[in-house]
């Protein structure tokens, strides 16, 4: 019989990954560092998650999809909203800064990104010219 899965390791790995992303950034994120900080081994991590994408981003993306869907149902967002595009628009500036390090990830930056995406960055005039031209 197989040993029951220890969910404490799941939580420790996710917490270690989040902390390391804040401390060293995505380019320096390694399985070794995650395992060491979580107090586990690389094989234990690989058994749970086949890739960093799955472990780090999938739960967050699913939560965002649920939030945007609720907003659409309430009428706060356009009914024809392309949820995948909006998620990419939210995430891209944050990932871009984390990868290239050209500017800091100040605590307000994600909120500033969300405001820009939700309010739009073009003017009504720009949209009218584009439709007529």
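Read-outs: derived from the displayed coordinates by stated rules, not from any lab. Predicted model, so just to flag it, every value in this text is computed and none were measured.
Details
- Taking the inverse of the mean 1/r over every pair of distinct Cα atoms in region 1-109 gives a Kirkwood hydrodynamic radius of 16.0 Å.
- The relative contact order of the chain, computed from alpha carbon pairs under 8 Å that lie at least 6 residues apart in sequence, is 17 percent.
- Taking the C-alpha atoms of region 1-49, convex hull volume expressed per residue in Å³: 66
- P(r) weight above 15 Å for region 38-97, C-alpha pairs, percent: 62
- Length available on full extension from residue 76 to residue 37: 0.36 nm per residue minus the Cα-Cα distance, which gives 9.9 nm.
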